[in-house]
There are 2 protein chains.
Amino acid sequence: MVPHLTTSLTGPLHEIERIVLDQRPEIERWFRTQWQEQEVPFYASVDLRNSGFKLAPVDTNLFPGGFNNLNPEFLPLCVHAAMSAVSRVCPDTRRFLLVPENHTRNLNYLQNVAMLRRILEGAGLTVRIGSLIPDLQGPTEVETAGGEKLLLEPIQRRGNRVGVEGFDPCAVLLNNDLSAGVPSLLRGIEQPVIPPLAAGWSTRRKSHHFHCYDRVVEDFAKLLGLDPWFLNPAFSQCGKVNFAEKEGEECLAANVEFVLNEVREKYKQYAITEEPFCIVKADAGTYGMGIMTVKSVDDVRNLNRKTRNKMAVIKEGQPVHEVIIQEGVHTFESVDGAVAEPVVYMMDTFVVGGFYRVHTSRGVDENLNSPGASFVPLAFETNCHTPDCLGKPGDPPNRFYTYGVVARLANLAAAVEVRQLVERESALEVRAANG
Amino acid sequence: MVPHLTTSLTGPLHEIERIVLDQRPEIERWFRTQWQEQEVPFYASVDLRNSGFKLAPVDTNLFPGGFNNLNPEFLPLCVHAAMSAVSRVCPDTRRFLLVPENHTRNLNYLQNVAMLRRILEGAGLTVRIGSLIPDLQGPTEVETAGGEKLLLEPIQRRGNRVGVEGFDPCAVLLNNDLSAGVPSLLRGIEQPVIPPLAAGWSTRRKSHHFHCYDRVVEDFAKLLGLDPWFLNPAFSQCGKVNFAEKEGEECLAANVEFVLNEVREKYKQYAITEEPFCIVKADAGTYGMGIMTVKSVDDVRNLNRKTRNKMAVIKEGQPVHEVIIQEGVHTFESVDGAVAEPVVYMMDTFVVGGFYRVHTSRGVDENLNSPGASFVPLAFETNCHTPDCLGKPGDPPNRFYTYGVVARLANLAAAVEVRQLVERESALEVRAANG
């Protein structure tokens, strides 16, 4: 279930929303049984796009920043969910080492770290912040956008355990997506690392995530008697691209053609008159870097230098060699006239909040996760604020519920994906040990 | 952990509060490990009394009404907790039969039923309301205080299952405390009954609950290095009392003397200058009936007719033969000048809200659960409402946290108590089958 939140949509319910709302008990029962079989990620955020005729996840973040962008009224929900997550992962634990990203000048990101610490402390944990910054000389205090103080401490390794000075944590919570690779400091430690190291961007691939999502959404769509395409963006991938050297253009063109054709067919089937488009993005990466909108095969042939440079390198200077070509989903939501897409936050099996990512200078078919984006926290629905009006005729349906359902489908896919990543890593380790 | 709520206290933190707040991580870890061993009740509410020097539960309700008195902002917390409870009790379930009390003219109680239904529906269940009203002819619509409609349907038994017309639930959730005994309709059914039938007032005893609480609080106080008395009201019991026939007065007098002496000793030890008192109440019962304040042995000798009548019979006309004599805990909290006591609501392992029970015509040493009481829902703490000020100096400590801790101790005692009740019932059934 999902808190009753405001959405920017005010028109009549779309078909997908109505089907989902009508089948809530069946859907919740289904999720309960799924979570008996899969280990739910500690936390995750999912970027959604809602075009009215289609509602789909376009990115699932296993190291979510942006907790500072949630409405502070959601803190108790986060804390409850964190309690649940903690008792699942390590009931005996009370000391957590939180490992954030290295960028200390992004004060909003640091505010996210402060919020996370607050949530974990609320769940009854003692939290210290262990930094992976290579040249960090000693405990270093930084100030967040909200004026809170954070003490970043160098992570120390002692044998098979890590900690910070005078603090031996029972678990390590990563809020660092390991784009620069898995640091040797964290390899082979005996404390649980959450999410597992294999879920970092040095081994994770978006295309793998969406392969897992394919299967999850197929089962789910069967339950609802729905074409899974309504909840699932078509995609393909290219494994050998070098934008700087103009290599792999043919692969890219062929796959763009493949995805666009698939979308054209579906648009025809459902008499949708919008113009199909694709999003090409780095298969391993985040932060809205290395992303472009493509409307025809010509768009990926003869890329100009500027675009090639933009696509060639992403976070932490990592070169892009693999890309995912994903069906573009228009967003037909807007906040104050600006294009908006919902981002949903989850901890454990719970939806704990969300916000709209809003961009005043982007179109309905563009990536909004780019400089200039702002965030509008979702609030609890306030049309009906007294117990008296709950359940009365006219009580607004929980539109946000559907977003929470789709976000949880992506979370379920992430659970399958992470399990497979961990299994593959174990298999590789066994092979290395035997070789 | 406990949401950050307002309390009516504004002075400096009392000693107990400071000790509890200082040891949050240790306390939360302790609760997590306790809930691995004990099956947490689906829901419960706990009446607390806070005298500053002492903070103790005085009553634990396993069939809580009053969900309508919670702040509607707490609904998402309740729904999350209910999801957790449901996935624990019966993950495959999606149809719940909610069995309320029989009083259809208490519109506020009916509003509580409507809120419960809403919470369960929010958790993704299909809910129908099965009534135990003996002469209910067919589905009967009633209107709640909030103007919501409830359809009360006669419970039907088919073999070893119960349901309502066309509805075979997977579980039965009791919001009826079975004061009138266990209805044969519900005996021996194969669906899980929550809480178990043995937890109803025909077998449950307050003194048994507080025996269990003794042990829970002893462990907990050891953890904190605290005298358990600070969290625990002394008590005793009399098993053969008949107020109407003036029987058992000697037992009552002796036990009042015993409890008062224990309290006097503790007051002396801690230099407390208040006047000790006891509360005498029916050992099996609720709704604030059959309760009196006693300040000396003389108060229970030569009871006048009015008091004897008041004490003789409680809810559903049940005669009182067993009483608990409990140390009285002054309440030093007030709301708008009226005497107040906090009531804390829990679902699963979570604190989901609470309210102050307020009485304008009662004293600090009297039972407030009596006609004329009103309810002031607790709100989230709003001194600090933006993420910017979270964690800044001056950020108010979560005073309500301590209430949540003591309420959860009572909930833990209830878990032990219910397990023992169920075990005893099973043993009796086995003996009956063998005899």
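The values are calculated or read from the model by the stated rules, or taken from the named source; none is laboratory data. Computed from a predicted model, the values in this text were never measured in an experiment. Positions of Cβ are backbone-derived with ideal geometry, glycine not excepted, and every protein chain shown enters the neighbour counts. Accessible surface areas use protein heavy atoms only, side chains included; no ligands, DNA or RNA. Shrake-Rupley method; radii C 1.70, N 1.55, O 1.52, S 1.80 Å.
Scan segment B:310-323 for residues that are part of a helix (DSSP H, G or I) and under 15 Å from B:E247 (Cβ atoms) and report the count. Talk me through it step by step, then tell me what you get.
Initially, segment B:310-323 is screened for residues part of a helix (DSSP H, G or I), giving B:310-312, B:315-317.
Pick out the ones that are also under 15 Å from B:E247 (Cβ atoms) and you get B:311-312.
The number of residues fulfilling the criteria is 2.
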Could you please find all residues in segment B:143-158 being within 14 Å of chain A (Cβ to nearest Cβ), open to solvent by less than 70 Å² (accessible area, probe 1.4 Å) and touching a strand residue (DSSP E or B) at 6+ places or on another chain (Cβ under 9 Å)? B:T144, B:L150
Enumeration of residues in segment A:384-411 that are of a type in the set (A, V, I, L, M, F, W, C) and at pLDDT below 55: A:C384, A:C389, A:L390
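Among the listed residues B:Q137, B:Q156, identify the single one that is modelled with pLDDT under 95 and more than 26 Å from B:A44 (Cβ to Cβ).
Values: B:Q156 fails: modelled with pLDDT under 95.
From the options B:Q137, B:Q156, the qualifying one is B:Q137.
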Residue within segment A:251-263 that is aromatic (F, W, Y) and closer than 25 Å to A:E425 by Cβ present: no
So, in segment A:401-435, exactly how many residues are out of contact with any helix residue (DSSP H, G or I) (no Cβ under 8 Å at 6 or more places or on another chain) and open to solvent by 60 Å² or more (accessible area, probe 1.4 Å)? 10
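I'd like the full set of residues that are on the phi > 0 side of the Ramachandran plot and open to solvent by less than 10 Å² (accessible area, probe 1.4 Å), limited to segment A:324-353. Spell out how you get there, then give the answer.
Initially, segment A:324-353 is screened for residues on the phi > 0 side of the Ramachandran plot, giving A:336-337, A:348, A:353.
Selection gives A:D348, A:G353.
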Only listed residue being surrounded by 22 or more Cβ atoms within 10 Å (Cβ to Cβ) and at pLDDT below 90, chosen from A:G130, A:G122: A:G122
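How about segment A:1-96: which helices (runs of 4 or more DSSP H) wholly inside it have at least 2 residues that are surrounded by fewer than 18 Cβ atoms within 10 Å (Cβ to Cβ), facing chain B (nearest Cβ under 8 Å) and modelled with pLDDT under 90?
Numbers: elements: A:15-22, A:24-37, A:75-89.
Of the helices (runs of 4 or more DSSP H) lying wholly inside segment A:1-96, none has at least 2 residues that are surrounded by fewer than 18 Cβ atoms within 10 Å (Cβ to Cβ), facing chain B (nearest Cβ under 8 Å) and modelled with pLDDT under 90.
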Scanning segment B:103-131 for residues that are among the β-branched types (V, I, T) and in contact with a strand residue (DSSP E or B) (Cβ under 7 Å, 6 or more places away or on another chain), which turns out nearest to the other protein chains (Cβ to nearest Cβ)? B:T126
The condition from (1) touching a helix residue (DSSP H, G or I) at 6+ places or on another chain (Cβ under 9 Å); (2) touching a residue at least 12 places away in the same chain (Cβ under 8 Å); (3) not aromatic (F, W, Y) that B:N302 misses is numbered (2)
For B:P134, state whether it is facing chain A (nearest Cβ under 9 Å) and without any contact (Cβ under 8 Å) to a residue 40 or more places away in the chain. no
Looking at segment A:212-223, which of its residues are farther than 21 Å from A:E28 by Cβ and either open to solvent by less than 10 Å² (accessible area, probe 1.4 Å) or free of Cβ contacts under 8 Å to residues at least 12 places away in the same chain (or both)? A:C212
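Considering only strands (runs of 3 or more DSSP E) fully contained in segment B:101-218, which possess at least 2 residues that are touching a Phe, Trp or Tyr at 6+ places or on another chain (Cβ under 7 Å) and under 30 Å from B:L409 (Cα atoms)?
Passing ranges, in order: B:171-175.
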